[in-house]
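Enquirer: Let me give you the structure first, and then I'll get to my questions.
Laboratory data are not the source of any read-out in this text; all were calculated from the coordinates shown. Predicted, not measured: the structure shown is a model, and the values here were computed from it. Methodologically, a virtual Cβ is constructed for each residue, glycine included, from the backbone with ideal geometry; neighbour enumeration extends over all protein chains shown.
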Amino acid sequence: MSFIDGIKRWFRRLLKKGNVKIGIYGPPNAGKTTLANRIIVDWGAEAEWSVRDLLNGVSEIPHETRRAKRKGKVKIKINGGSLTLDIVDMPGLATKIDFHDFLHHGLSEEEARKRAKEATEGVIEAIKWLNDLDGVLLVMDATENPFTQVNVTVVGNMEARGLPLIIVANKIDLPGASPTRIKSAFPQHPVVPVSALKGENMEKLYEAMAKYFG
């Protein structure tokens, strides 16, 4: 992050009147939208999907979130204090988007090409948002190998910009989940294991958010 970028971020923090703008990032199908809606519902705001809808499962097609979705003034209360968030659910990040990947999910070639184009535009939008954020929740699937090109690139990008970063090791309710594997891959950052779908260990995440984003 350049000196000028640092000054701009400092002034944004000074003028934002208590709202902390948090971006939720990660690869496709890591559970970003599920986490965003869990946070929103936990603190009494209206989410795009209800928790009941989430329990019924979201689409397995990658890049379902193709545009950033923002929910403002979500107030969480923890340890006697409070934190007011603007939450931005970002499109899934990928180093390569191929329309053939969508064909495997039963889409027509026309629809697959359209989805690939929209997903690419979504990645570009998510990267642009980094200039306007105060912190990042980086969601990783705890059942998968965390040491991927996408995760390494995203972490490096956040570090270069000086953005406060919490890694959310999601899907701990599933067999084979290993949050310690994520911690070993990125020991320089706080890692909080959760199940956004089941609501498991969310209190620890809120404590971490109050500590690093407050």
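Enquirer: Kindly rank 149-160, 193-204, 26-37, 73-84 from highest to lowest mean number of other beta carbons found within 10 Å of each residue.
Expert: Numbers: 149-160: 16.4, 193-204: 18.6, 26-37: 24.4, 73-84: 13.9.
Highest to lowest by the protection proxy: 26-37, 193-204, 149-160, 73-84.
Enquirer: Then there's this: What chymotrypsin sites (Phe, Trp or Tyr not before Pro) does the range 137-214 have in DSSP loop regions with at most 16 other beta carbons within 10 Å?
Expert: Values: sites: PHE147, TYR206, TYR212, PHE213; in loops: PHE147.
Passing both the DSSP loop test and the Cβ count: PHE147.
Enquirer: Something else: For the residue pair THR153 and LEU174, what label-to-label distance in nm results when each label sits 7 Å from Cα along the Cα-to-beta-carbon direction?
Expert: With each label point 7 Å from Cα toward Cβ, the separation is 2.2 nm.
Enquirer: Over the range 114-214, what relative contact order in percent results from Cα pairs under 8 Å that are six or more residues apart?
Expert: Details: 121 pairs, mean separation 26.1, N = 101.
About 26 percent, as a whole number.
Enquirer: Give the residues of the range 70-89 whose amide nitrogen is closer than 16 Å to a point set 7 Å from the Cα of TYR212 in the direction of its Cβ.
Expert: Counting backbone N atoms under 16 Å from the label point, the list is 88.
Enquirer: Please give the contour-minus-distance gain from LYS117 to SER82: 0.36 nm per residue of separation, less the Cα-Cα distance, rounded to one decimal in nm.
Expert: On the way: separation 35, 0.36 × 35 = 12.60 nm, distance 3.99 nm.
Between LYS117 and SER82, full extension yields an extra 8.6 nm.
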